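Report on the structure given below.
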Amino acid sequence: MKKHWNAFRRNEEGQVMVLFALMLVVALGMAALVIDLGWVQISKKQLQNVADAAALAGAQDLPSESEAVASALIIAKENKMKVQKNRVTNEGDTIEITTPYDGDVTKIEVVCKRKVPYFFAQIFGFADTEVTVRTVAQKKGNLKEVVGLRPWALRNQYSIEQAGIKTWVDYHYTYGMELVLKDGGGDGFQGLYRIVGYGDQNPNAADIYKKNIADGYSGKVQLGDLVIEGSGNMNVKGEIDALMKRTGDTSEDYTKATHGNSRVVFIPKIDAHTKEVLGFAAIYLKSVDTHGNITVNFLYDTTWSEVEKSKVENWGLGAVKIVE
């Protein structure tokens, strides 16, 4: 009887050991699954952030397909995606950029794919998994505030006087048009022919004017803000020349300007009567003469219609948002 009991005990202990081993394998497998799935989710969230950033960057350059794709790729690479070209896989990373998206030139779709390696699951023969994320961004609407405005402004109207009666007429600025931004006084329609200050600035202070030319106003200017007119006509040819040549561009050809060109600056578009900021404009500084008269080419106006804005580069003045 004792022999049978001992044999039973040994058999039972053996079964317990086998069961324990099986449970240990299951527990390790579950732990591996939890850890690896957690890592996959973290990697997917990181990749989603990349897709969002790339789509928003690309949307800024719409409707230019080539520039939008290039900008999206740059941001993706800066965020540690190993991609080199659109729709080409490199070291497990793939980015697919589509614009126009769904027939809409204001939209861009970015799909990011990445092979995420498993850690513990490799014990069970699972090497990696592919995660895919997607973002659609759209350029729609305008910025409501801008930092870095230069100290000039454009009016929305100009005056015509006939038979002693002054009439104000709406004026529409078009892409590429050439105009004199500041010419030493007068009531023409080409600009606000005085220095402009922002916030609590004294626009007649030479040091403030020069700093606003060189670096732009450091504060935010919002729609509805009022600009401050200066009464002087300071000649700052040296400062403007230095700004125009900062990025090495001396061609005076606005059609060759690219992002980062120091000749492309932002100024407000204002109500001719109240001096209230109605919108923002991008202009190209073409030249400045010995008297400080500034000749510019008009590039973009946030008060244009959506159709007109969709035809040209917005230079970063168009608002973009994620829509999908």
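The values are calculated or read from the model by the stated rules, or taken from the named source; none is laboratory data. Note that the structure is a prediction, hence the values are computed from the model and not measured. Neighbour counts are summed over all protein chains in view; Cβ atoms, including those assigned to glycine, are modelled from backbone coordinates with ideal geometry.
Please enumerate the residues belonging to the range 41-70 that are in contact (Cβ under 8 Å) with a residue 24 or more places away in the chain and among the polar types (S, T, N, Q).
First, pick out the residues of the range 41-70 that are in contact (Cβ under 8 Å) with a residue 24 or more places away in the chain: 43-44, 47-56, 58-65, 67-69.
Once the filter is applied, which keeps residues that are in contact (Cβ under 8 Å) with a residue 24 or more places away in the chain and among the polar types (S, T, N, Q), the range 41-70 yields Ser43, Gln48, Asn49, Gln60, Ser64.
Which residue, of Val320, Val277, Val265, is part of a strand (DSSP E or B) and in contact with a Pro (Cβ under 6 Å, 6 or more places away or on another chain)? Break it down into steps so the answer makes sense when it comes.
Working: Val320 fails: in contact with a Pro (Cβ under 6 Å, 6 or more places away or on another chain); Val265 fails: in contact with a Pro (Cβ under 6 Å, 6 or more places away or on another chain).
Residue meeting the stated conditions: Val277.
Looking at Ala72, Ala54, Ala76, Ala68 in this structure, which one is of a type outside the set (S, T, N, Q), within 19 Å of the chain's Cα centre (by Cα) and under 15 Å from Val323 (Cα atoms)? Reasoning before the result, please.
Values: Ala72 fails: under 15 Å from Val323 (Cα atoms); Ala76 fails: under 15 Å from Val323 (Cα atoms); Ala68 fails: under 15 Å from Val323 (Cα atoms).
The match here is Ala54.
Please identify the pairs in which a residue from the range 160-183 that is farther than 20 Å from Leu285 by Cα has its Cβ atom under 7 Å from the Cβ atom of a residue that is part of a loop (DSSP other than H, G, I, E, B), counting only partners at least 6 apart or on another chain.
Filtered contacts from the range 160-183: Trp168/Ala272; Asp170/Asn156; Tyr171/Asn156; Tyr171/Phe189.
Picking from Thr295, Thr274, which residue would you name as being over 20 Å from Ala214 (Cβ atoms), of a type outside the set (Gly, Ala, Ser) and in contact with a strand residue (DSSP E or B) (Cβ under 9 Å, 6 or more places away or on another chain)?
On the way: Thr295 fails: over 20 Å from Ala214 (Cβ atoms).
Every option except Thr274 fails the conditions.
Out of Leu62, Leu37, Leu22, I need the residue that is modelled with pLDDT under 90 and under 19 Å from Val131 (Cβ atoms). Which one? Reasoning before the result, please.
On the way: Leu62 fails: under 19 Å from Val131 (Cβ atoms); Leu22 fails: under 19 Å from Val131 (Cβ atoms).
Sole residue among the options that is modelled with pLDDT under 90 and under 19 Å from Val131 (Cβ atoms): Leu37.
Search the range 283-307 for residues being of a type outside the set (Val, Ile, Thr) and under 20 Å from the mean Cα position of the chain (by Cα), and hand back the single one that is surrounded by the fewest Cβ atoms within 10 Å (Cβ to Cβ).
Within the range 283-307, the first condition is being of a type outside the set (Val, Ile, Thr), and the residues that meet it are 284-287, 289, 291-293, 297-301, 304-306.
Restricting the remaining residues to those that are under 20 Å from the mean Cα position of the chain (by Cα) gives 284, 299-301, 304, 306.
On the way: Tyr284: 24, Leu299: 23, Tyr300: 23, Asp301: 26, Trp304: 20, Glu306: 12.
Here the answer is Glu306.
Which condition does Cys112 not pass, out of (1) without any contact (Cβ under 8 Å) to a residue 40 or more places away in the chain; (2) on the phi < 0 side of the Ramachandran plot, if it passes all the others?
Single failed check for Cys112: (1).
Just to be sure before I move on: is His291 under 18 Å from Ser71 (Cβ atoms), at pLDDT below 90 and not hydrophobic (A, V, I, L, M, F, W, C) in the structure I sent? Steps first, please.
Details: under 18 Å from Ser71 (Cβ atoms): no; at pLDDT below 90: yes; not hydrophobic (A, V, I, L, M, F, W, C): yes.
No; evaluated as a whole, the condition is false for this residue.
Okay, residues lined up against (1) assigned to a helix (DSSP H, G or I); (2) at positive phi; (3) out of contact with any Lys or Arg (no Cβ under 6 Å at 6 or more places or on another chain):
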| residue | (1), (2), (3) |
| --- | --- |
| Gln46 | yes, no, yes |
| Ala57 | yes, no, yes |
| Leu62 | no, no, no |
| Val69 | yes, no, yes |
| Ile75 | yes, no, yes |
| Asn86 | no, no, yes |
| Ile95 | no, no, yes |
